[in-house]
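Structure first, commentary second.
The values are calculated or read from the model by the stated rules, or taken from the named source; none is laboratory data. Source: prediction; values computed, not measured. Because the Cβ atoms are built from the backbone with ideal geometry, glycine has one as well, and the counts that use them run over all protein chains shown.
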Amino acid sequence: MTSNKMFNLLVPIISVIIGLLSGAIIMLAFGYNPIEGYAALWEGAFGDMYFVGETIRQVTPYILTGLAVAFAFRTGLFNIGAEGQVIVGWLAAIWVGISFDAPMYIHLPLAVIVAALAGAIWGFIPGLLKARLGVHEVIVTIMLNYVALYSSNALIRSVLSDNQDKTEKIAATASLSSEWLQNLTFFSRMHYGILIAVFAAVLMWFIIERTSIGYELKSVGFNQHASKYAGMNVSRNIILAMVISGAFAGLAGAMEGLGTYGNMSVSSGFTNLGFDGIAVALLGANTAIGVILAAFLFGALKVGALNMPTEAGVPNELVDIIIALIIFFVASSYIIRWVLLRFKKGEK
Amino acid sequence: ACGGGEETSGGESNGEGSSDEGSADYTVAMVTDEGGVDDKSFNQSAWEGLKAWGDEHSLSKGAGFDYAQSEDESDYLPNMTRLVRNDYDLVFGIGFLLEDAIKEISEQNPDNDFAIVDTVVEAPNVASITFAEHEGSFLTGVAAAMKTNTDKLGFVGGVDSELINKFEAGFVAGAKSVNPDIEVDIQYVGNFSSAADGKLIATRMYNDGADIIYHSAGAAGNGVFAQAKDLKQKDPDREIYVIGVDRDQYEEGAIGDHNVTLTSMVKRVDTAVQEVSNLGLNGEFPGGEVLVFGLQDEGIGIADTNTEAYTEEIASAVQEWRDKITNGDVKVPQTRDELKAFEEEL
Amino acid sequence: MGFIELLAQVIPPALFFSAPLIFTALGGVFSERSGVVNIGLEGLMVMGAFVGIVFNLTFADVLGPWTPWVSILVAMVVSAIFSVIHAVAAVSFRADQVVSGVAINFLALGLGIFLTKQWYGKGQTDMVSQPFYTTDISLLSDIPVIGPIFFEGVYVISYVSILLALLSWYIMYKTPFGLRLRAVGEHPMAADTNGISVTKMRYVAVIISGAFGGLGGSVFALTIALNFSHATIVGQGFMALAAVIFGKWHPLGAMGAALFFGFAQSLSVIGAGIPLLEDVPQVFLLIAPYVLTILALAGFIGRSVAPRANGEPYIKGSR
Amino acid sequence: MDYVVEMLHIRKEFPGIIANDDITIQLKKGEIHALLGENGAGKSTLMNVLFGLYQPEKGEIKVKGKKVNMTDPNVANDYGIGMVHQHFMLVEPFTVTQNIILGAEPTSMGKIDLRKAEKEVQELSNKYGLKVDARAKIQDISVGMQQRVEILKTLYRGAEVLIFDEPTAVLTPQEITELMQIMESLIAEGKSIILITHKLKEIMQVCDRCTVIRKGKGIGTVNVENTSVDELASLMVGRDVSFKTKKSPAHPKETVLKIENLHVKDSRKVEMVKGLDLEVRAGEIVGIAGVDGNGQSELIEAITGLKKSQKGSITLNDKNITNLSPRKVTENGVGHIPQDRHKFGLVLDFPIGENIVLQTYYQKPYSKYKVLNYQEIYAKAEKLIKEYDVRTPSVYTKARALSGGNQQKAIISREVDRSPDLLIAAQPTRGLDVGAIEFIHQKLIEERDKGRAILLVSFELDEILDVSDRIAVIFDGKIVADVKPENTNEQKLGLLMAGSAEEKVGVTDDLE
Ligand SMILES: Nc1ncnc2c1ncn2[C@@H]1O[C@H](COP(=O)(O)OP(=O)(O)OP(=O)(O)O)[C@@H](O)[C@H]1O
Ligand SMILES: Nc1ncnc2c1ncn2[C@@H]1O[C@H](COP(=O)(O)OP(=O)(O)OP(=O)(O)O)[C@@H](O)[C@H]1O
Ligand SMILES: [Mg+2]
Ligand SMILES: [Mg+2]
């Protein structure tokens, strides 16, 4: 059992190392200096407090979309719709942020909660259709992504602004950003949302691992027949799982709306936070702590990558390739385990 | 057109004078939007301007001038910050999408110079570079009206917004100024990226009898070109055209021996970038000013590469209207409301 | 505008819009029928689009009007080879198939743009000079009413996609290969005890999905986008995946679903020019295809049950 | 010597366990050779080695005296070895014919020649008396017919040696009789058979020789003629086993379950229970005897709330529980050992400990304010697995990894421990070895003696006759007879179960 635990730790680490090594080989093959490349990457992610702040800023929504996808996976559902849930959450947060005046201790929590609710509603629809009519959640969530994108664009234009490309900025009382954090990190956009994200991770862990709600959700995810036999309400649990998952993604939208940007723009494409959330969740083995770690890896790579073209002349797409390889090796952990076992046997 | 450009037209010569000493003192960088530095559109144009400025002062990329490319919305500010912290004196934000980022960073770094293209940021250390797209669009409208055989034109916009409405209003006004009976079929894609939707819209418009479509839809406009070329391929005798945007899209229109690009509304972002950089270099940075580049100062132009389609006759008509605009005889509408008023006066 | 004219307006674009989805969805059907979930369709399309465009740009002078056809073949081959990565992970390494599909998506886009930058020095390629063009299909286009709707100004490749769907159906339901493929996806151990190599079948199926995904991507690039950039394939692969499920993992069902998407998309874009729909706010037209899909699923398509062993790595002797 | 197949000194290891340790089995031509052992003894593993699914670490396999290397099932097929697996290897959405030809399809011009295939299947089926509907889908046919399809599959491939892995566990008595006849006709055709079964009577009935394995080791081979059921049992288990379940007479008390005029439809909306009446009292075991498909499943599902009933009433301790939710039914005092343990009984991916609280997780002390108390949960599990002798490495082991017998014991421990007033046991001993069966029967009787009402549904007449205090015969959705075990026998019951009208009149006199 202890060796199993060691493996669970070792495999992702090895995957990351192999991914980075492969990236180095590609850099060499195309005539770049991998040491310079990775130095630039490191510099761009952790070089000084500013970059650390920006990395954390990027990590924040990744944690939440990662949790959203992971939560659904743990309950036997595949939520490709985190993307759309982020968008509606963002929109809802902004809505509350710009259309009210209230003291901060009311305004900010209200905005955050409404964002979570919006995401939850966006998760409720596929949940309901799956539970009641057996409609596959993957299609419905894909479709709802587009509905969220186009509708929120239209709402920004027609309701939240006067035919502008973006809304006005939210009231300071609804903002997550903090002068203190900004000063600490030389004006990075790091905001208090990271606390919410970490709290959400703890919450997910608690729900899934420690409560009877989580027990039911997992049970329904594994075996609907046995769950029904045991007296659980299968439909209700499917819906609940999607609602909670959607709420996490909605919170990710709030991070962007109330923290990073303070407003919302008309967008011609997706934020990709939701799609990246799939990778984060899977990289984190669908556990809360795993999601946090994976989000850090992901966020650092993404933010650090921006520094690669300027500092080392390496196209930042290389980071996408590296991320892909890391995911690939994590997925193939079986083979890594196998090799490790061989290795251990050889030692003896 | 407003006065900003006039002073700057002299900027180039000033810049040349100071090229020798100025190199190390003043450095300039730019941040692209998601289109990237090679988007064949204004990002690319801006970068060409910056490179030209670098050449002018014997600087090299990374030492004196540079760019940072944004993968998505969240990268704008970090990219800016990185450049500022790398001690670039002037940082351009290319595209109205970077408005918020410029606003924020200019507050955080009051001692730095910033410039934004295509929109206005009110701050003492920000120069806002805008273009009179409506004027250029007016001229493409004139050209289209001269060229059309069906008296029906099309306009495909990316996203229905203030900026793109300027193109629409100018185009319609130009066309109707030549021939008030001309109909303009207007449709927006909803985004700047879906070539498929651009193509679907073009299909419908050409089907409905439009023979020239002016697009202002970024990559979605590729779909318009695809459809026009397809129709041309099927029937080489059919007179069918696209009007390009932002830069000369002649290349996109090539189909065998033909070319469907009638003309393009060219925004000289390169000129603007080069000029503002020189102003900064010379200690005359136009902070807090709104520079409008228009027809008058060649900040906006209209391409005449397709000599076969873009006939002398059209060229002279366009020249005529250009003069009227620069004279102030014609005031080109910028919004739908202004257009309505403009049409009533016709 | 009369109904027939409306159809003549809507159907040809619907066909060209659907073709890439049909190809890709067929690939998805093969893969998932063999028990390998394929979220990587998006990435396979990206790879196909990239290869199709690069090949087209490189060989247009040599191959002339044959260029697009050869391009899609080459795109098929390269994407098929690319998909082996997914096969190795999902079949041999017993990877979580969703994870490995996600990796495919990241990898294809990363590689595509990276190589574009290497080879062209910029983030997007030029436009190809030899794309696919529409034609009137001789004889058929002369049929009254139907002719103009279905056979005038259409891409031949659209019909290839429909023929391929029929062929896929034939292969899957009438040949030993198809029977074995479906058996492997339903009950791999049963197939194994009948002497069918689960590994081999799954490899073949994933490689077919790679070829079809590559075909879909390259057809999209060579009919609609005409160049390659990060924005060429954005979500079409996921729509194809939706078509696979919508079509209940059946080749003809997937084709029907893809045609439905194409039709709805076409109607929503073209609708803005139709008097009846002119006053409908654009956003309703934009979301119409997606809402219609959900309504169709909720209303009459209902439950679709995946192949029993879909997503499960086959490990000999486990239960 | 004319051995058709020999497995010599076979050793097969799985991570952490030696499933087969130096086992030898030799099959003579034309014999039915039994392979006997407790659950998990290694029988299936050994046969999978012979069939080429597993590669042995040591030992050799000879076919007709020639050493062969069974690398995969194809090789086994080539040597004329066919296997009917313990868990059927049938593709549910396929037709009977498609399943039979899978992997060896007749074609014409690349297309499957379905007509030819169907003809061949029909011919085979006629030849061996294996009645199947060639065009029916597997998911629509009975378990018995599915098994015949499995046999046809091996015959279609020209098998000379047939391996049957627990074929009778899932069959009704009639089907078992048919199967025995089929096996004999196969032998008559010159084929040889290895039969795995836990039912010693069957071995005595049809087998020539019997090889016994215990905990992965070969114990030896005996001639069936020279042995007895008791000897086989003690060889297998390593101790004496009593077959006649020890029980004292029942003392039924108040009525616990009362069902009146119940009507239930199945998932295809066909009425399966058609006005059924039934009573079970505290302190008695009522056995439901009947041929599969006469409404047993629907009856149980209606009582437990898994299915809605259309008409009639179900009363538990004078409380109407008709159409209550499963949870409400459970809380009112019903325990249920489900027929399909994998589908209903367990969440296979949960640790065994968490399966123990599958219905009670939300109650104190396992959870408080919705927070689970794992200490209590696992403490309970530890206690139960000890008490019920559930063999598992630990309570944290996933249920999936346990053998069927141990999974069943875990379910029974859970259901019995809740002290339900009514305990429904559906096929509680299916697929289990004699030791496990003995244990479970003992438990049921213990519970009866504690005053619980027990409803036992089983297709095994032995079990019904052995354990029940009263037998209710179900036919076509109704209880058609109510008899005492001491007043009846297998033949009489068989007739009743077939719906024989005269018998019905004759026996209803027995009704109290
Ligand atoms: N796939 C496997 N992985 C690991 N261990 C296995 C596997 N299959 C079987 N075993 C081990 O081999 C032993 C023998 O299992 P096997 O299935 O052969 O038993 P059996 O005699 O057929 O039991 P039953 O009578 O219940 O069918 C088991 O105790 C188990 O520990
Ligand atoms: N995947 C597996 N991992 C670990 N052990 C396994 C696995 N599959 C089977 N086993 C082991 O195999 C043994 C027997 O398995 P087998 O399936 O033969 O049991 P069984 O009693 O016959 O079950 P059933 O009654 O359901 O047929 C068990 O003791 C179990 O530990
Ligand atoms: Mg067994
Ligand atoms: Mg068994």
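Checking the condition away from chain B (no Cβ under 14 Å) and not acidic (Asp, Glu), which residue from A:LEU64, A:LEU41 passes?
A:LEU64
What's the total number of residues in region D:151-171 that are more than 16 Å from ligand 1 (Cβ to nearest atom) and among the acidic types (Asp, Glu)?
1
Restricting region D:200-225 to residues that are in a helix (DSSP H, G or I) and crowded, with 21+ Cβ neighbours inside 10 Å, which is nearest to the chain's Cα centre (by Cα)?
So, considering only residues that are in a helix (DSSP H, G or I) and crowded, with 21+ Cβ neighbours inside 10 Å, the one nearest to the chain's Cα centre (by Cα) is D:LEU200.
In region D:405-430, which residue that is outside any helix (DSSP H, G or I) and among the basic types (Lys, Arg) is farthest from ligand 1 (Cβ to nearest atom)?
Applying the first criterion (outside any helix (DSSP H, G or I)) to region D:405-430 yields D:418-430.
Filter once more, keeping what is among the basic types (Lys, Arg): D:418, D:430.
Details: D:ARG418: 27, D:ARG430: 11 Å.
Applying the filter and picking the extreme gives D:ARG418.
Residues of region A:299-324 being within 7 Å of chain C (Cβ to nearest Cβ) and either in a helix (DSSP H, G or I) or within 29 Å of C:GLN97 (Cβ to Cβ) (or both), which ones?
Residues satisfying the conditions are A:GLU317, A:LEU318, A:ASP320, A:ILE321, A:ILE323, A:ALA324.
For region D:34-66, how many residues are away from ligand 4 (no atom under 16 Å from the Cβ), touching a residue at least 40 places away in the same chain (Cβ under 8 Å) and in contact with an Asp or Glu (Cβ under 6 Å, 6 or more places away or on another chain)?
Qualifying residue count for the region: 2.
Restricting attention to region C:128-168, which residues are touching a residue at least 24 places away in the same chain (Cβ under 8 Å), on the phi > 0 side of the Ramachandran plot and surrounded by fewer than 19 Cβ atoms within 10 Å (Cβ to Cβ)?
Hit for region C:128-168 is C:VAL145, nothing else.
Can you tell me which residue is surrounded by the fewest Cβ atoms within 10 Å (Cβ to Cβ) among those in region A:260-298 that are small (Gly, Ala, Ser), out of contact with any Lys or Arg (no Cβ under 7 Å at 6 or more places or on another chain) and closer than 21 Å to B:PHE96 by Cα?
Among them, the one singled out is A:GLY269.
If you scan region D:7-30, which residues turn out to be surrounded by 18 or more Cβ atoms within 10 Å (Cβ to Cβ), within 9 Å of ligand 1 (Cβ to nearest atom) and more than 14 Å from D:VAL212 (Cβ to Cβ)?
Passing the criteria: D:LYS12, D:ALA19.
Restricting attention to region D:18-56, and to residues there that are within 13 Å of chain C (Cβ to nearest Cβ) and β-branched (Val, Ile, Thr), which single residue is nearest to ligand 3 (Cβ to nearest atom)?
Looking at residues that are within 13 Å of chain C (Cβ to nearest Cβ) and β-branched (Val, Ile, Thr), I get D:THR45.
Considering only region D:148-170, state which residues are part of a loop (DSSP other than H, G, I, E, B) and within 16 Å of ligand 3 (Cβ to nearest atom).
D:GLU166, D:PRO167, D:THR168, D:ALA169, D:VAL170
Give me a count of the residues in region A:185-211 that are among the small types (Gly, Ala, Ser) and either surrounded by fewer than 20 Cβ atoms within 10 Å (Cβ to Cβ) or more than 22 Å from A:LEU77 (Cβ to Cβ) (or both). First the steps, then the outcome.
Our first condition is that a residue be among the small types (Gly, Ala, Ser); within region A:185-211, this holds for A:188, A:193, A:197, A:200-201.
Imposing the further condition that a residue be either surrounded by fewer than 20 Cβ atoms within 10 Å (Cβ to Cβ) or more than 22 Å from A:LEU77 (Cβ to Cβ) (or both) reduces the set to A:188, A:193.
Looking only at that region, the number is 2.
Considering only residues of region D:172-199 that are in contact with a Phe, Trp or Tyr (Cβ under 9 Å, 6 or more places away or on another chain) and farther than 26 Å from D:ALA498 by Cβ, which is surrounded by the fewest Cβ atoms within 10 Å (Cβ to Cβ)?
Checking each candidate, the answer is D:GLU189.
Pull out all pairs, ordered by first then second residue, where Cβ-Cβ is under 9 Å, the residues are six or more apart or on different chains, the first lies in region B:194-215 and is farther than 11 Å from B:TYR241 by Cβ, and the second is of a type in the set (D, E, K, R) and outside any strand (DSSP E or B).
Final answer for the pair search is B:LYS199/B:ASP230; B:THR203/B:ASP230; B:GLY209/B:ASP151.
Within region D:57-96, can you find the residues that are closer than 16 Å to C:HIS187 by Cα and more than 9 Å from chain C (Cβ to nearest Cβ)?
Passing the criteria: D:VAL84, D:GLN86, D:THR95, D:VAL96.
Where the second residue is surrounded by fewer than 18 Cβ atoms within 10 Å (Cβ to Cβ) and the first is of a type outside the set (Gly, Ala, Ser) and lies in region C:276-293, which pairs have Cβ atoms under 7 Å and are six or more apart or on separate chains?
C:LEU285/C:LEU277
Scan the strands (runs of 3 or more DSSP E) fully inside region B:114-228 and keep the ones with 2 or more residues being modelled with pLDDT of 95 or more, closer than 22 Å to B:GLU251 by Cα and touching a helix residue (DSSP H, G or I) at 6+ places or on another chain (Cβ under 6 Å).
Numbers: elements: B:126-131, B:152-157, B:183-188, B:212-216.
Where strands (runs of 3 or more DSSP E) fall fully within region B:114-228 and carry at least 2 residues being modelled with pLDDT of 95 or more, closer than 22 Å to B:GLU251 by Cα and touching a helix residue (DSSP H, G or I) at 6+ places or on another chain (Cβ under 6 Å), they are B:152-157, B:212-216.
Within 16 Å of ligand 2 (Cβ to nearest atom), farther than 21 Å from C:ARG180 by Cβ and surrounded by 15 or more Cβ atoms within 10 Å (Cβ to Cβ) - does that describe any residue in region D:115-129? Let's see the steps before the verdict.
Just the residues of region D:115-129 that are within 16 Å of ligand 2 (Cβ to nearest atom), to begin with: none.
No, that holds for no residue.
Kindly indicate whether D:GLN359 is away from ligand 1 (no atom under 16 Å from the Cβ), closer than 21 Å to D:LEU299 by Cβ, within 11 Å of another protein chain (Cβ to nearest Cβ) and of a type in the set (S, T, N, Q).
When the stated conditions are applied, D:GLN359 passes them.
With respect to A:ARG189, is the statement that it is closer than 30 Å to D:TYR361 by Cα and of a type in the set (D, E, K, R) true?
Criteria not met by A:ARG189.
What residue, of D:ILE196, D:ILE213, D:ILE163, is closer than 23 Å to D:ALA19 by Cβ, within 14 Å of chain C (Cβ to nearest Cβ) and within 16 Å of ligand 4 (Cβ to nearest atom)?
After applying the criteria, what remains is D:ILE163.
Residues in region A:251-260: is at least one touching a Ser or Thr at 6+ places or on another chain (Cβ under 8 Å), among the hydroxyl-bearing types (Ser, Thr, Tyr) and more than 14 Å from chain D (Cβ to nearest Cβ)?
Yes: one or more hits.
Given the residues D:ALA401, D:ALA381, D:ALA410, D:ALA426, which is the only one that is without any contact (Cβ under 8 Å) to a residue 40 or more places away in the chain, of a type in the set (A, V, I, L, M, F, W, C) and crowded, with 20+ Cβ neighbours inside 10 Å?
Going through D:ALA401, D:ALA381, D:ALA410, D:ALA426 in turn, the sole match is D:ALA381.
Just one of the numbered conditions (1) buried (at least 20 other Cβ atoms within 10 Å of the Cβ); (2) at pLDDT below 95; (3) of a type outside the set (D, E, K, R) is not true of A:ALA148; which one?
(2)
Restricting attention to region B:248-262, and to residues there that are surrounded by fewer than 24 Cβ atoms within 10 Å (Cβ to Cβ) and touching a Ser or Thr at 6+ places or on another chain (Cβ under 6 Å), which single residue is farthest from the other protein chains (Cβ to nearest Cβ)?
B:ASP248
Picking from B:ALA29, B:ALA46, which residue would you name as being more than 14 Å from B:ARG268 (Cα to Cα) and either away from chain C (no Cβ under 14 Å) or in contact (Cβ under 8 Å) with a residue 40 or more places away in the chain (or both)?
Exactly one of B:ALA29, B:ALA46 is more than 14 Å from B:ARG268 (Cα to Cα) and either away from chain C (no Cβ under 14 Å) or in contact (Cβ under 8 Å) with a residue 40 or more places away in the chain (or both), namely B:ALA29.
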